[in-house]
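FYI, it's all coordinate maths here, none of it is from the lab. Just so it is clear, the structure is predicted and the values come from calculations on it, not from any experiment. Cβ placement follows ideal geometry from the backbone for every residue including glycine, while neighbour counts extend to all protein chains displayed.
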Amino acid sequence: MLTHGRLRELLRYNKHTGVFTWRVYRSWNARAGDRAGSIEKNGYRTLYIDGANYYASRLAWFYVTGAWPKVLVDHKNQTVGDDRFRNLRLATKFQNSCNSKLQSRNTSGYRGVSWFKQGNKWRAYIVIAGKQLSLGLFDDIEAAHQAYCKAAKAFHGEFYSHG
């Protein structure tokens, strides 16, 4: 397991930019002063250190606090490549999912809103503890979205995303 001392020996982290740079020469493509890590297909930056891959967001948390995060590290602005420390916060899996981007299969364009064919109306809903809770049927998509937003703020607090 990577220690805090070893991390600081190998890397510099600028908490204002979220960028890691190598302190030492590691290889021809990882020289002292070079930006560390690479971007994965999922958009996250990972760093290969002493035989293991680490997410930059988790390393940033460890670098600044001195403690490995016991839960997930959430990107507040939903931009997974933005590893500035002020954009990071600890989150449970559920909290992290509340702050996720819209799913690609979402057809309404709004989180918690779908078309209800049987009633010819927009349905607002929220998922709490794995169960879908109906928030009502609405003629107007904006009204359905507002119902979701109000419930999401109440249930999800700072992790609320109107997405």
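Just need the relative contact order of segment 1-158 here, percent rounded to a whole number, with Cα pairs under 8 Å and 6+ apart.
13 percent
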Compute the whole-percent fraction of alpha carbon pairs in the chain spaced more than 21 Å apart.
-> 55 percent
Pick out, from 110, 87, 132, the residue whose Cα sits farthest towards the positive end of the charge dipole of segment 76-148, with +1 on the Cβ of Lys and Arg and -1 on the Cβ of Asp and Glu.
-> 87
Using just the helices of the chain, give the 222 nm mean residue ellipticity in deg cm²/dmol: DSSP H runs with n ≥ 4 each add -39,500 (n - 2.57), and the total is spread over all residues, rounded to 500.
-> -7000 deg cm²/dmol
What number, in percent, do you get for the relative contact order of segment 4-91 if the mean sequence gap of Cα pairs under 8 Å and at least 6 apart is divided by its residue count?
-> 26 percent
Folded to 0 to 90 degrees: helix 141-156 orientation relative to the chain principal axis, Cα = 50 degrees
Taking the Cα centre of segment 17-91 as the origin and placing charges on Cβ (Lys, Arg +1; Asp, Glu -1), which of 30, 57, 44 is farthest toward the positive end of the dipole?
-> 57
Rounded to the nearest 20 debye, dipole of the chain from Cβ charges on Lys, Arg, Asp, Glu | 240 debye
Out of 18, 130, 33, a Gaussian network model of the chain with alpha-carbon springs under 10 Å gives the largest mean-square fluctuation to 130
Where nothing but the Cβ of Lys and Arg (+1) and of Asp and Glu (-1) is charged, how large is the charge dipole of segment 101-159 around its Cα centre, in debye to the nearest 20?
-> 220 debye
Given charges of +1 on the Cβ of Lys and Arg and -1 on the Cβ of Asp and Glu, with all other atoms neutral, how large is the dipole of segment 39-114 about its Cα centre, in debye to the nearest 20?
-> 280 debye
